[in-house]
Amino acid sequence: MDMPRNELQIMLDIETLGLSIFNAPILSIGACTFNSLGLDQTFYAEIKLESWNNIEPETLKWWSKQSTPM
């Protein structure tokens, strides 16, 4: 589906260290705005280690096998 040239879209990405919708610790938050002409603005923030709790070992194991972003 084509979007109008001037329609601004927002994409949000939240990475966690668990699967629970109630208490999974958030690892990072990323967002961007874009339209049919391309990317507009971006945002990225990592959450401090001290704020992590309720880390699920299987999720941490999965993250350790992922490649690092370029």
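The values are calculated or read from the model by the stated rules, or taken from the named source; none is laboratory data. Quick caveat: nothing in here was measured; it's all calculated off a predicted structure. The area values use the complete protein model at the heavy-atom level, side chains included, leaving out ligands, DNA and RNA. Shrake-Rupley method; radii C 1.70, N 1.55, O 1.52, S 1.80 Å.
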For the range 19-40, which positions are open to solvent by 80 Å² or more (accessible area, probe 1.4 Å) and either at pLDDT below 85 or under 15 Å from the mean Cα position of the chain (by Cα) (or both)?
Leu19, Ile21, Phe22
Can you name every residue in the range 1-18 that is at pLDDT 85 or above and among the hydrophobic types (A, V, I, L, M, F, W, C)?
Leu8, Ile10, Met11, Leu12, Ile14
(1) of a type in the set (Asp, Glu); (2) open to solvent by 70 Å² or more (accessible area, probe 1.4 Å); (3) at pLDDT 80 or above: which one isn't true of Glu50, the others all being true?
(3)
